[in-house]
Amino acid sequence: MGEYFAGWFPADWEFLGYTLAALVQAILLIHVIALGAFVFIWAERKVSGRIQDRLGPTRTGGKFGWLQSLADGIKLLSKEDLMPKDADPILFKLAPYVSLAASFTAFVAVPFAAGWVALPLNIGLFFVIAILGLEVFGVILAGYSSGSKWSLFGAMRQAAQVVSYEVPLGMCVVVPVMICGTMDLVAIGEQQRGWFTNWLIFHDPFIFIIFWVYFACAVASVNRAPFDLAEAESELVAGFLTEYSGMRWSLFFMAEYGSMILVSLLASILFFGGWNGPIPIFTGLIDWFPDYLGNSWVFTTFANLVGVVNILLKASIGVIIMMWVRWTFPRLRVDQVITMCLKYCVPIAAVCLLGVMFWTALGIGFLNDLVPSQPRAMVRESWVEEGQRREAKRFDSLQTPSTDSAKGEVE
Amino acid sequence: MSELLLAAAQPTINWHTVMFYVTAIFACGFAVVVTTTNNIVRMAFALIVSLAATSGLLFLAGAYFVGAMQLMIYVGGTVVLLIFGVMLTAQKAFITMRTRASDWILGLLVGGALFSILLQLAFLIPQWQSSDYQAAADAELAAYVEKLKADKADGKVITQEQRDELERLEIAADDGMPQRSGEIGLALVGVRADKAQRPDEPGLAGYLLPFEIVSIHLLVVLVGAAYLARARRHSHAGASQ
């Protein structure tokens, strides 16, 4: 994309093209968070209403109250921005931005379709996990700088929670990396193309268990009930959010919804085939007519757009399940969270890691082998594919030197 | 701003270098804040920004794996350090640290000595004095293409080995070598794939020894931590009896 825009500008001004490409990508990604929060805050109200046998919002903006998030947003914007006298002013103001920036930065490395990623990183998954761990820093900073005992309690609980869920979460994401042999999220997604039996969750029984461990840890990592110990509105007033109001408060919520979408996107890429639909309509067509459709820019772009819809649908299902969990289970105690993560999730993840390792090493078949699409190892990382493309281009130009020179004469 | 625009108008401006200086100013500026501020949590915040900017420098250099490692270990580790070292041991809400003059002198001596050694080392190695990696890779690729063209003119057919070599050079010119985490992993167990000229060559010795030393160091730390934790519990039980 950067190279495409760079072609618009004269020599020595190509950086404007790259800047333009970066701006377009950043704006698109900001809208994933902003519109995602807009939609899911409304969905959360409706889902929680239905679960509690209520209707939820019904009046704002028509029949289903679908403009409720806008009304919430206007209310939050018009609220007075308060800061306690005892607070540390610099850190108090910075904390929401730290949270939101961490949540946003992780989206840079998340692909939305084959090759549609802002920054094609060789180590995309590792980068996302590293950034995800930084989001809690904003929460801890907020709790510490508020100068309130409730906030400080919230931050301390958050700290205890972080060191317990990060360990099993890290072990869970290692399993897809082990099967695929790459940390490139694009390659991991592309290795699961074909029928839905090719999704990694159907690789073997152990990874099926691993997914549920991942999901539990992911809910803990986005601080939602039943793991919302840092907020705990029935015990700590509002935990680390106690002293926040208006826009700063809503920035924390944008970060929370952003991380919910992020961990759900990650789950759909790692376990549920990413942008590949359950039935391979477009990839099947491309495989059948590689010369006509595979080379057609319009067709592959359309297939990728459908892929984006696919992955967003999968991620939305993940977010809705998180809401279901939130409004169904009571909050755990601090010691229960630590026990669950360290005493149950870590051993389960470790056993399943060994199980997947032996399953892969011994080459035992499972649902993945029913309708295999292509050998896993044939799908390579983006930098290898780019190198192959460039090599093929150069080779073609070497094979046909006459037309090449003819072109040069015309110019 | 106008200076920047003027510089942009000159044809030889390297935007990579501009981004390097912006990130480096962040890293160094917040490192200075770490040493000058009195509030310990602000200090930790500045340290995290400085370390994150260092990670940005590594990303800028194309070493994505090391950059993400920096984020994971140093930045994430500082968060945990902040939690356990500062917040759990704090007696009152906002701690301020006063640095005595003797501490300043000692710190300047140690830091200055380290800085001078590092500075000298950085300028000692000729390869580090200019970032001509990209130019070298481009030149190597262009030379190989010329060689292939000459072969073609002689009537030779391009072999598969030559195509593989061409692909390797294309990747090196396009992406750079440092971002391949697989090679770092191989080097950790003793195979320097990046130094090997041919695939069948084993390459030079890797980072196996430092890797082992680090792991033994970590093991010692773990054993020590377990020992300390156990010892405290035993003495506690003894005291209660």
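The values are calculated or read from the model by the stated rules, or taken from the named source; none is laboratory data. Everything numeric in this text was worked out from a predicted model, so none of it was measured. With ideal geometry, Cβ positions are generated from the backbone for all residues, glycine too; neighbour counts draw on all protein chains shown.
Regarding the stretch A:79-102, can at least one residue be identified that is buried (at least 24 other Cβ atoms within 10 Å of the Cβ) and facing chain B (nearest Cβ under 9 Å)?
yes
Being more than 14 Å from every other protein chain (Cβ to nearest Cβ), part of a loop (DSSP other than H, G, I, E, B) and not charged (D, E, K, R), is that true of even one residue in the stretch A:203-216? Break it down into steps so the answer makes sense when it comes.
The first filter runs over the stretch A:203-216 and keeps only residues more than 14 Å from every other protein chain (Cβ to nearest Cβ), leaving A:203-216.
Within this subset, residues satisfying the condition of being part of a loop (DSSP other than H, G, I, E, B) are A:203-204.
This time we only want the ones that are not charged (D, E, K, R), so: A:203.
Scanning the stretch A:203-216, I find at least one residue that is more than 14 Å from every other protein chain (Cβ to nearest Cβ), part of a loop (DSSP other than H, G, I, E, B) and not charged (D, E, K, R), so the answer is yes.
Scan the stretch A:53-71 for residues that are closer than 21 Å to A:Trp324 by Cβ and not hydrophobic (A, V, I, L, M, F, W, C) and jot them down. Talk me through it step by step, then tell me what you get.
Narrowing the stretch A:53-71 to residues closer than 21 Å to A:Trp324 by Cβ: A:53-58, A:64-66, A:68-69.
Once the filter is applied, which keeps residues that are closer than 21 Å to A:Trp324 by Cβ and not hydrophobic (A, V, I, L, M, F, W, C), the stretch A:53-71 yields A:Asp53, A:Arg54, A:Gly56, A:Pro57, A:Thr58, A:Gly65, A:Gln68, A:Ser69.
Mind listing whichever residues of the stretch A:222-275 are assigned to a helix (DSSP H, G or I) and of a type in the set (Lys, Arg)?
First, pick out the residues of the stretch A:222-275 that are assigned to a helix (DSSP H, G or I): A:239-241, A:246-270.
Once the filter is applied, which keeps residues that are assigned to a helix (DSSP H, G or I) and of a type in the set (Lys, Arg), the stretch A:222-275 yields only A:Arg248.
Within the stretch A:115-130, take every residue that is surrounded by 21 or more Cβ atoms within 10 Å (Cβ to Cβ), in contact (Cβ under 8 Å) with a residue 40 or more places away in the chain and among the aliphatic types (A, V, I, L, M) and give me the one that is farthest from B:Phe45 (Cα to Cα).
Ranking the qualifying residues of the stretch A:115-130, first place goes to A:Val117.
Take the residues in the stretch A:143-156 that are within 11 Å of chain B (Cβ to nearest Cβ) and not aliphatic (A, V, I, L, M); name whichever of them is surrounded by the fewest Cβ atoms within 10 Å (Cβ to Cβ).
A:Lys149
Take the stretch A:366-392 and flag every residue that is within 11 Å of chain B (Cβ to nearest Cβ), in a helix (DSSP H, G or I) and within 23 Å of A:Val117 (Cα to Cα).
Listed by number, the residues that qualify are A:Ser382, A:Trp383, A:Val384, A:Glu385, A:Glu386, A:Gly387, A:Gln388, A:Arg389, A:Arg390, A:Glu391.
I need the full set of residues from the stretch A:35-62 which are among the basic types (Lys, Arg) and within 26 Å of the chain's Cα centre (by Cα), in order please.
So the first thing to find is which residues in the stretch A:35-62 are among the basic types (Lys, Arg), and the list is A:45-46, A:50, A:54, A:59.
Within the stretch A:35-62, A:Arg45, A:Lys46 qualify.
What number of residues within the stretch B:226-241 are among the aliphatic types (A, V, I, L, M) and modelled with pLDDT of 75 or more? Steps first, please.
Within the stretch B:226-241, the subset among the aliphatic types (A, V, I, L, M) is B:226, B:228-229, B:231, B:237, B:239.
Retained after the next criterion (residues that are modelled with pLDDT of 75 or more): B:226.
Going through the stretch B:226-241 one residue at a time, the tally reaches 1.
What tally of residues in the stretch B:38-79 results from selecting those that are in contact (Cβ under 8 Å) with a residue 60 or more places away in the chain and within 9 Å of chain A (Cβ to nearest Cβ)?
So the answer is 2.
Determine which member of the set A:Gly147, A:Gly143 is farther than 27 Å from A:Val117 by Cβ, over 19 Å from the mean Cα position of the chain (by Cα), modelled with pLDDT under 85 and assigned to a helix (DSSP H, G or I). Can you show your working first?
Details: A:Gly147 fails: assigned to a helix (DSSP H, G or I).
Going through A:Gly147, A:Gly143 in turn, just one is farther than 27 Å from A:Val117 by Cβ, over 19 Å from the mean Cα position of the chain (by Cα), modelled with pLDDT under 85 and assigned to a helix (DSSP H, G or I): A:Gly143.
Looking at the stretch A:174-202, I want the residues that are in contact (Cβ under 8 Å) with a residue 12 or more places away in the chain and have a partner that is of a type in the set (D, E, K, R) and part of a helix (DSSP H, G or I) with Cβ atoms under 7 Å, at least 6 apart or on another chain. Which pairs are those?
From the stretch A:174-202, the pairs are A:Cys180/A:Arg376; A:Gln191/A:Arg376.
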